[in-house]
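Below is one structure, written out as structure tokens; comments come after it.
The values are calculated or read from the model by the stated rules, or taken from the named source; none is laboratory data. What you see is a predicted model; the values in this text were computed from it and never measured. We place every Cβ from the backbone using ideal geometry, glycine too, and count neighbours over all the protein chains shown. Ligands, DNA and RNA are stripped out before the accessible areas are found, and what is left, the full protein with its side chains, is counted by its heavy atoms. Shrake-Rupley method; radii C 1.70, N 1.55, O 1.52, S 1.80 Å.
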Amino acid sequence: MPELLDEIKEANDIKKIQIQDYNKLAEEIREFLIQNISKTGGHLASNLGVVELTMALHRFLSFPQDKLVWDVGHQAYTHKLLTGRKELFPTLRQLDGLSGFPKMEESCCDSFDTGHSSTAISAALGLVKARDLSGKSNKVVAVLGDGALTGGMAFEAINNAGRLKTNFIIVLNDNNMSISENVGGLANYLARLRTSNRYTGFKESMENILGSVPGGKGLVDMLKRSKDAVKYFMLPSMFFEDMGLTYIGPIDGHNVWQMLEAFEAAARSKKAVVVHVLTKKGKGYRPAERYPAHYHGVEPFDITSGRPTCKEKEISYTKVFSDAMLRLAAEDEKILAITAAMPYGTGLYDFKKQFPDRFFDVGIAEQHAVTFAAGLAMGGFKPVVAIYSTFLQRAYDQIIHDVCINNLPVVFAIDRAGITGRDGKTHQGTFDVSFLSHIPNLTVLAPKNRYELEDMLQYALKLNSPVAIRYPKGDAYLGLEEYRAPLEYGKSELLHEGAKVAILAVGSMVKIGEEVAAALLKEGERVTLVNVRFISPIDKDILEKLSGSHNLMVTLEENVRNGGYGQKVADYLFETRKQDIRLVNISVPGAYIEHGSVGELHKRFHLDAEGVLNRIKAEL
Ligand SMILES: Cc1ncc(C[n+]2csc(CCOP(=O)(O)OP(=O)(O)O)c2C)c(N)n1
């Protein structure tokens with residue numbers, strides 16, 4: 001039974017616990033997290049790593065007046081525990097339950113809703129300026145990981161923070177990992193900083209020694225001011241300091257006492273201060289310590305074996321993409337693969353192993369990934385950029401300005417398109433049709449099943465212009481295998497020909513359309529079913545044909561209505577003066593969709609077969 005944790009009923013209660021009991025409290029928190037996440041699933045390794053860091057921050061700050069901004073926000077479980085949300089943990093990431101990310105609606109101690117990476121310094125810097133402008137004196141702290149620091153926005157914010165003349169604390173939680181290994185020059189730089197304890201020790205002892213001898217103080221000051229090659233005893237912390245920030249570290253991120261000292265020192269500064277803490281991802285659960293990437297985000301699992309408790313998955317779209325990439329790349333050495341820090345999630349890990357020279361993990365840098373791909377394509381290669389729908393939002397301008405204006409053969413493999421489930425509103429992929437399908441030169445495709453994803457990837461790589469293929473999270477649909485007509489540019493696929501009602505389904509919704517068509521057939525209604533295939537350009541010929549013989553058209557898509565496929569059909573009917581045809585647009589509501597399982601959310605928004613069937617029947 002957790003004893004100390006039970007004493008924490010609301011924010012700031014941690015201050016009532018003796019600091020010498022903090023190790024026991026940390027143990028209780030870890031046990032609680034492991035027990036709970038093993039049942040609900042969630043972000044395990046990152047949360048286990050920041051237990052002491054969060055405790056130290058909660059000892060140091062006063063909520064809700066002080067502001068704490070978590071980058072990404074996947075590591076805020078201990079923060080939730082320490083702000084009175086313990087009882088809600090059994091509902092973590094469940095429909096209408098506790099969110100897996102910071103959420104202001106849940107608690108006044110959450111300062112910013114987050115989910116995407118590398119935003120914390122910018123958001124917190126805004127809070128600092130707002131504080132100063134309104135004459136307040138509360139503390140503001142941003143916490144970001146070494147992975148998040150590879151995102152361009154973090155650098156943009158540091159560039160601005162360097163000019164600050166008031167206090168702002170940035171905690172760099174360095175666990176030497178993004179989801180997978182952290183990449184690039186920055187990872188190397190942090191590795192040098194991490195091993196610089198002896199430099200810190202050396203710096204301090206030099207200061208002490210020199211400071212204690214006559215005239216030594218002046219020498220220390222002179223050395224500190226010196227811009228010469230020795231640069232303050234060759235400390236590798238120069239990057240932050242040269243940018244105008246103060247650097248403190250590296251500090252043991254599992255030692256609350258040391259962190260508190262560092263935070264107190266940082267709070268005295270009239271500048272932005274980076275406190276560099278070193279933590280172990282997965283700490284306290286052996287499998288997560290050994291395989292932090294694997295245990296970054298988990299399904300419910302058995303604590304003893306570490307294995308998932310849910311049933312074996314069928315083959316996912318991600319796996320279909322992964323295998324197709326291997327096959328196609330073996331035949332064409334021009335094919336390259338790019339990920340923004342998600343080699344596992346996007347299914348490119350096998351590609352990395354098989355073709356290491358043709359694989360690029362650019363860090364959490366979606367914008368750079370896209371323009372980098374444009375350069376590769378300009379240089380004669382065929383890059384495939386695999387990015388989740390939600391994270392591709394970042395690269396809207398790069399898609400237009402760098403890829404599509406130059407009409408370059410870059411393929412966007414857009415995984416997690418549509419409703420993605422438990423990560424909630426920051427992670428749903430329900431906008432990509434809207435933000436991609438109006439871009440000139442860009443072809444936008446959605447496969448109905450696993451076979452079509454394979455065909456579309458092969459087709460896209462031959463097209464010699466930009467192509468986006470969107471496919472959903474989870475098991476690939478294996479039905480309709482017999483319908484495998486070759487892809488023809490701009491043409492949809494007619495699956496069943498009926499009368500009166502035509503269902504036009506996009507990608508993942510073809511499966512639902514098929515179920516609905518079968519149910520209606522049982523009731524004596526033979527409907528037409530179209531697999532849209534091309535979201536852009538749309539197939540006007542099929543719309544023309546169907547409008548001559550049907551009086552109800554139903555579009556199905558996992559995207560918001562605005563800017564979706566259904567609106568393109570509406571526009572076509574309007575332009576061609578076919579207003580006598582009734583059009584029903586079934587899509588995702590134009591709101592931010594909270595967490596829950598994909599199935600539950602489909603049901604809630606009437607995107608399951610039953611919901612669609614009822615809607616059509618109501619129209620009939
Ligand atoms: C823009 C964006 N791209 C990708 C992701 C997916 N993602 C979530 S956490 C994470 C790694 C973050 O690493 P780090 O900041 O070091 O935190 P850690 O999990 O190691 O604590 C990534 C890539 C994201 N949340 N946002």
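Only one of the listed residues (Ala505, Ala468, Ala476, Ala485) is among the small types (Gly, Ala, Ser) and closer than 16 Å to Thr528 by Cα. That residue is Ala505.
Looking at Ala395, Ala386, Ala365, can you tell me which residue is closer than 17 Å to Val444 by Cα, of a type outside the set (Ser, Thr, Tyr), within 15 Å of the ligand (Cβ to nearest atom) and in contact (Cβ under 8 Å) with a residue 60 or more places away in the chain? Write out each step before concluding.
Working: Ala395 fails: in contact (Cβ under 8 Å) with a residue 60 or more places away in the chain; Ala365 fails: closer than 17 Å to Val444 by Cα.
Only one candidate qualifies: Ala386.
Among the residues of this structure, Ala187 does not count as one that is in a helix (DSSP H, G or I), in contact (Cβ under 8 Å) with a residue 24 or more places away in the chain and under 17 Å from Ala272 (Cβ atoms).
Could you name every one of the strands (runs of 3 or more DSSP E) located completely within region 501-590 that has at least 1 residues being open to solvent by 10 Å² or more (accessible area, probe 1.4 Å) and free of Cβ contacts under 8 Å to residues at least 60 places away in the same chain? Don't jump to the end; show me each part of the working.
Values: elements: 528-531, 534-536, 550-560, 582-588.
Where strands (runs of 3 or more DSSP E) fall fully within region 501-590 and carry at least 1 residues being open to solvent by 10 Å² or more (accessible area, probe 1.4 Å) and free of Cβ contacts under 8 Å to residues at least 60 places away in the same chain, they are 550-560, 582-588.
Scanning region 371-379 turns up no residue that is crowded, with 24+ Cβ neighbours inside 10 Å and within 14 Å of the ligand (Cβ to nearest atom). Taken over region 25-51, residues that are farther than 17 Å from Arg93 by Cα and within 14 Å of the ligand (Cβ to nearest atom) amount to 4. Scanning region 146-155 for residues that are open to solvent by 10 Å² or more (accessible area, probe 1.4 Å) and under 16 Å from Ala395 (Cα atoms) yields a count of 3. Within region 289-304, residues that are over 15 Å from Arg422 (Cβ atoms) reach partners that are away from the ligand (no atom under 11 Å from the Cβ) and open to solvent by 20 Å² or more (accessible area, probe 1.4 Å) with beta carbons closer than 8 Å, at six or more positions or on different chains, in the pairs Glu289/Lys283; His294/Pro287; Tyr295/Pro287; Asp302/Pro308; Asp302/Thr309; Ile303/Gln35. Across region 40-99, the number of residues qualifying as aromatic (Phe, Trp, Tyr) and within 19 Å of Val298 (Cα to Cα) comes to 2.
Condition first: part of a loop (DSSP other than H, G, I, E, B), farther than 17 Å from Glu106 by Cβ and open to solvent by less than 40 Å² (accessible area, probe 1.4 Å). Now tell me which residues in region 1-18 satisfy that. Across region 1-18, the qualifying residues are Pro2, Leu4, Ile17. Looking at region 156-184 only, could you name the residues that are away from the ligand (no atom under 14 Å from the Cβ) and touching a residue at least 40 places away in the same chain (Cβ under 8 Å)? The answer is Ile158, Asn159, Ala161, Gly162, Arg163, Leu164, Lys165, Thr166, Asn167, Phe168, Ile169. Filtering region 606-616 for residues that are at positive phi and free of Cβ contacts under 8 Å to residues at least 24 places away in the same chain leaves a non-empty set. Among all positions in region 56-66, there is no residue which is closer than 23 Å to Lys425 by Cα and within 16 Å of the ligand (Cβ to nearest atom). Scanning region 347-359 for residues that are touching a Lys or Arg at 6+ places or on another chain (Cβ under 9 Å) and surrounded by 21 or more Cβ atoms within 10 Å (Cβ to Cβ), we see that the one that is farthest from Leu149 (Cα to Cα) is Phe351.
Of all residues in region 75-85, one or more are within 23 Å of Gly596 (Cα to Cα), surrounded by fewer than 24 Cβ atoms within 10 Å (Cβ to Cβ) and free of Cβ contacts under 8 Å to residues at least 24 places away in the same chain.
Considering each of Glu264, Glu366, Glu333 in turn, give the residue that is modelled with pLDDT of 95 or more, surrounded by fewer than 21 Cβ atoms within 10 Å (Cβ to Cβ) and under 26 Å from Val141 (Cα atoms).
Glu264
With respect to (1) open to solvent by 50 Å² or more (accessible area, probe 1.4 Å); (2) touching a strand residue (DSSP E or B) at 6+ places or on another chain (Cβ under 8 Å); (3) assigned to a loop (DSSP other than H, G, I, E, B), the lone exception for Lys270 is condition (2). Check region 103-119 and report whether any residue there is aliphatic (A, V, I, L, M) and within 16 Å of the ligand (Cβ to nearest atom). No, there is no match, as no residue in region 103-119 is aliphatic (A, V, I, L, M) and within 16 Å of the ligand (Cβ to nearest atom). Among the residues of region 328-360, those identified as away from the ligand (no atom under 16 Å from the Cβ) and touching a residue at least 60 places away in the same chain (Cβ under 8 Å) are Leu328, Asp332, Ile335.
Whether any residue in region 299-312 is of a type outside the set (S, T, N, Q), surrounded by 17 or more Cβ atoms within 10 Å (Cβ to Cβ), away from the ligand (no atom under 13 Å from the Cβ) and within 30 Å of Thr54 (Cα to Cα) is what I want to check. So that I can check it myself, show each step before the final result.
Step one: filter region 299-312 for residues of a type outside the set (S, T, N, Q), giving 299-303, 306-308, 310-312.
Now restrict to residues that are surrounded by 17 or more Cβ atoms within 10 Å (Cβ to Cβ): 301, 306.
Still in the list and also away from the ligand (no atom under 13 Å from the Cβ): 301, 306.
Those still in the list that are within 30 Å of Thr54 (Cα to Cα) too: 301, 306.
Yes, that holds for at least one residue.
If the condition is being open to solvent by 20 Å² or more (accessible area, probe 1.4 Å), more than 21 Å from the chain's Cα centre (by Cα) and either at pLDDT below 95 or farther than 23 Å from His602 by Cβ (or both), then region 89-107 contributes only Pro90.
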